[in-house]
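The values are calculated or read from the model by the stated rules, or taken from the named source; none is laboratory data. Everything numeric in this text was worked out from a predicted model, so none of it was measured. Note that we place each Cβ from the backbone using ideal geometry, even for glycine, and neighbour counts take in every protein chain shown.
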Amino acid sequence: MPSITMILVEEFIRGVGLCLLVWCACGLISLVGALCYAELGTTISRSGGDYAYIMEAFGPLCAFLQLWVNLIVIRPTAQAVVALTFAYYTVQPLFPNCEPPAAAVSLLAALCISLLTFVNAMSVRAATVIQDLFTAAKLFALTAIIITGLALIGKGMLCTTLVFTL
């Protein structure tokens, strides 16, 4: 059920140094993608993001199809995966010796999506505050992972396997 997280990366890589190396490599790949989007944004100055870029490169049919696939499949699926992952890791500590019930995870995920949809519909300002808080939490978590990994490497635990449990 869980998506790719630090726990799963560490489980398959087996070592603090290699984990940080994999995360840095993934960060570089993300950076290249962000730089490509920045280049597209400066080259094609029309509003519309992906739609405008595909319209310019491949024409209206491909742009229209991409827009609808994004609207109907990609975005809702991504939101569901994020909500299910959040719900799984939120419910998991309540069931330390077994898998959390799928119904509890699904209900919490649906509640999260519903709550965020409600907040966004009621107040864009409140949605912005929530988004800023979540972004700060993500940056804090990434900083904690990096500092912990560097501290363990500094202690000579380069190839030590960590045990992550929730």
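Points worth noting:
- Selection within segment 130-158: residues that are β-branched (V, I, T) and exposed (fewer than 12 other Cβ atoms within 10 Å of the Cβ). The member of this set that is farthest from the chain's Cα centre (by Cα) is I147.
- Only listed residue being under 30 Å from L20 (Cα atoms) and over 16 Å from the mean Cα position of the chain (by Cα), chosen from E99, E56: E99
- Of the residues S123, S114, S106, the single one that is under 18 Å from A83 (Cα atoms), of a type outside the set (A, V, I, L, M) and loosely packed, with under 13 Cβ neighbours inside 10 Å is S114.
- Filtering segment 47-55 for residues that are among the acidic types (D, E) and in contact with a helix residue (DSSP H, G or I) (Cβ under 8 Å, 6 or more places away or on another chain) leaves a non-empty set.
- Residue ID - nearest to Y51 (Cα to Cα), chosen from residues in segment 69-95 that are touching a residue at least 40 places away in the same chain (Cβ under 8 Å) and exposed (fewer than 14 other Cβ atoms within 10 Å of the Cβ): V81
- Sole residue being among the hydroxyl-bearing types (S, T, Y), within 30 Å of S114 (Cα to Cα) and surrounded by 11 or more Cβ atoms within 10 Å (Cβ to Cβ), chosen from Y51, Y37: Y51
- Qualifying position, being closer than 26 Å to Q131 by Cα and at pLDDT below 90, among G49, G17: G49
- Among (1) within 23 Å of the chain's Cα centre (by Cα); (2) modelled with pLDDT of 90 or more; (3) farther than 26 Å from A141 by Cα, the one test that G41 misses: (2)
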